[in-house]
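This is the structure I have questions about; it appears just below.
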Amino acid sequence: MSRPVVPAAVHLALDAHWLPYRLDVVLRRVLWIRMDAAQRANAAFLDDRALAPDAEGTWAPLGSWPELPGNTTCDATFHIGHCGSTLLSRVLGTWPEVQSLREPMALRTLAAQWPTRGTDEAWLSAEALDDVFDATWSALSRSPGDGRTLVKATSSCNALIEPFLLRRPASRVVLLDMPLRPYLATLLKSPGSMTDALAAAPERLLDLHARGHGADLRLHALDPATQCAMGWLAERVRFDALAQAYPTRVLRVDFNALLADRATQLARIVAFLGLDPTYVEPALGDGAWSRYAKAETHAYDVEARDHDLALSLQRNGEAIARALAWTQTRVTGHNSLSRVVTARDLDG
């Protein structure tokens, strides 16, 4: 990476072309990277995969930039993982006023710190972590143009949903997931997808415990498919609680429903976010619907997805059936869970 002469951190923060790219809480520093609007729009992940060979960047002290003045409107999409969030992000990014940022690495670092917030073993004090949280979101909200920002977080960042809602009272959140059977089929057809879900399982189990469920559950006692089902159940409980607590600021979206009725569901999302509805029709014809969202050179439409899921259900039927049965057993007889998880939620 080249190392040009760059302004001090406070000036970087005021220039919307610079992003707080990587947070280092151990050495208490932040890596700022300059990215133009086209680079941001094209990146499926705002991590090392998005860096150009000649990227401009510089390290600065953590917390050395302020919350920013001016237009820092920012909404966010959080999700269960591998449920169409990148596709939705790309489609919403076709609105002229929207800067769509996908999976900023800085948010992954914040999410990793959140479980130890306020404890003796935390790298940062609770106050310092809150300050970095606020400053990071403020900086991500800045657009090189005159528009607003929609951030799609990584699925491992769901511990940040409630802090985001509490600390950014003007922001709104879309929560995206899908029924359990197609979710398991999606994960089990791809080792990388399974790895993502299993890596998120410990935090999801802790959140499930914190919400009064599954005190008897031990992660190591569950097979991998059932660990994924437990994570799905934990997110259903978390998403339901957040939608109940913030009814005007949280929108639940089922990815299967979005694919089945794009026009209705996209119009619903657009109305919730306050976007211009005249762009819904062009967005419905955007090429993102027929490409693999994380690698747009690959064709991948609804028919291809249905074929892949059917094949996965056939190949992994025993593991999926076992995980579904486990989930049904957990839900049956628990009134609070049976309200959150219906038969349709399990089977799709």
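Sort out which residues of segment 173-199 are surrounded by 23 or more Cβ atoms within 10 Å (Cβ to Cβ) and of a type in the set (Asp, Glu), and write them in order of number.
177
May I pose another question? For the list (1) in contact with a Leu (Cβ under 8 Å, 6 or more places away or on another chain); (2) surrounded by 17 or more Cβ atoms within 10 Å (Cβ to Cβ); (3) aliphatic (A, V, I, L, M), I need the number of the one condition that residue 219 fails.
Against the list (1) in contact with a Leu (Cβ under 8 Å, 6 or more places away or on another chain); (2) surrounded by 17 or more Cβ atoms within 10 Å (Cβ to Cβ); (3) aliphatic (A, V, I, L, M), residue 219 comes up short only on (2).
May I ask you to verify whether residue 251 is in a helix (DSSP H, G or I) and either of a type in the set (A, V, I, L, M) or under 17 Å from the mean Cα position of the chain (by Cα) (or both)?
On the way: in a helix (DSSP H, G or I): no; either of a type in the set (A, V, I, L, M) or under 17 Å from the mean Cα position of the chain (by Cα) (or both): yes.
No; evaluated as a whole, the condition is false for this residue.
Something else about it: Would you check which residues across segment 83-106 are surrounded by fewer than 22 Cβ atoms within 10 Å (Cβ to Cβ) and on the phi > 0 side of the Ramachandran plot and list them?
Within segment 83-106, just 84 meets the criteria.
Shifting gears a bit: Of all residues in segment 114-150, how many are under 15 Å from residue 100 (Cβ atoms) and either hydrophobic (A, V, I, L, M, F, W, C) or in contact with a helix residue (DSSP H, G or I) (Cβ under 7 Å, 6 or more places away or on another chain) (or both)?
Count: 5.
Being under 24 Å from the mean Cα position of the chain (by Cα) and either among the aromatic types (Phe, Trp, Tyr) or more than 21 Å from residue 88 (Cα to Cα) (or both) is the requirement here; does residue 297 meet it?
Values: under 24 Å from the mean Cα position of the chain (by Cα): yes; either among the aromatic types (Phe, Trp, Tyr) or more than 21 Å from residue 88 (Cα to Cα) (or both): no.
No, not satisfied.
A quick yes/no check of all residues on (1) farther than 30 Å from residue 183 by Cα; (2) among the aromatic types (Phe, Trp, Tyr):
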site	(1), (2)
34	yes, no
97	yes, no
109	no, no
115	no, no
129	yes, no
133	yes, yes
138	yes, no
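Please enumerate the residues belonging to segment 47-65 that are within 19 Å of residue 134 (Cα to Cα), free of Cβ contacts under 8 Å to residues at least 60 places away in the same chain and aliphatic (A, V, I, L, M).
If the condition is that a residue be within 19 Å of residue 134 (Cα to Cα), free of Cβ contacts under 8 Å to residues at least 60 places away in the same chain and aliphatic (A, V, I, L, M), then 60 is the only one that fits.
May I pose another question? Please go through segment 160-172 and pick out each residue that is surrounded by 20 or more Cβ atoms within 10 Å (Cβ to Cβ) and under 19 Å from residue 204 (Cα atoms).
Selection gives 160, 161, 164.
Looking only at segment 126-141, decide whether some residue is in contact with an Asp or Glu (Cβ under 9 Å, 6 or more places away or on another chain), part of a helix (DSSP H, G or I), over 29 Å from residue 29 (Cα atoms) and of a type outside the set (S, T, N, Q).
no
Test residue 89 against the stated conditions and say whether it is in contact with a His (Cβ under 6 Å, 6 or more places away or on another chain) and either touching a residue at least 12 places away in the same chain (Cβ under 8 Å) or closer than 28 Å to residue 186 by Cα (or both). Write out each step before concluding.
Working: in contact with a His (Cβ under 6 Å, 6 or more places away or on another chain): no; either touching a residue at least 12 places away in the same chain (Cβ under 8 Å) or closer than 28 Å to residue 186 by Cα (or both): yes.
It is false that residue 89 is in contact with a His (Cβ under 6 Å, 6 or more places away or on another chain) and either touching a residue at least 12 places away in the same chain (Cβ under 8 Å) or closer than 28 Å to residue 186 by Cα (or both).
Output the qualifying pairs, or none if there are none: Cβ atoms under 8 angstrom, residues six or more apart or on different chains, first residue in segment 97-118 and assigned to a helix (DSSP H, G or I), second residue among the basic types (Lys, Arg) and surrounded by fewer than 22 Cβ atoms within 10 Å (Cβ to Cβ).
Between residues of segment 97-118 that are assigned to a helix (DSSP H, G or I) and residues that are among the basic types (Lys, Arg) and surrounded by fewer than 22 Cβ atoms within 10 Å (Cβ to Cβ), the close pairs are 105/22; 106/22; 109/22.
Return the residues of segment 271-328 that are loosely packed, with under 14 Cβ neighbours inside 10 Å, small (Gly, Ala, Ser) and not in a helix (DSSP H, G or I); say none if nothing qualifies.
The answer is 274, 285, 295, 299.
Condition first: under 21 Å from residue 200 (Cα atoms), modelled with pLDDT of 95 or more and of a type in the set (A, V, I, L, M, F, W, C). Can you find one or more residues in segment 135-150 that meet it?
Checking segment 135-150: not a single residue is under 21 Å from residue 200 (Cα atoms), modelled with pLDDT of 95 or more and of a type in the set (A, V, I, L, M, F, W, C).
Modelled with pLDDT of 95 or more and more than 18 Å from residue 109 (Cα to Cα): does that describe residue 160?
Working: modelled with pLDDT of 95 or more: yes; more than 18 Å from residue 109 (Cα to Cα): no.
Criteria not met by residue 160.
The values are calculated or read from the model by the stated rules, or taken from the named source; none is laboratory data. Treat the numbers as computed from the prediction; the structure is a model and nothing was measured. No Cβ is skipped: glycine too gets one built from the backbone with ideal geometry, and neighbour counts run over all protein chains shown.
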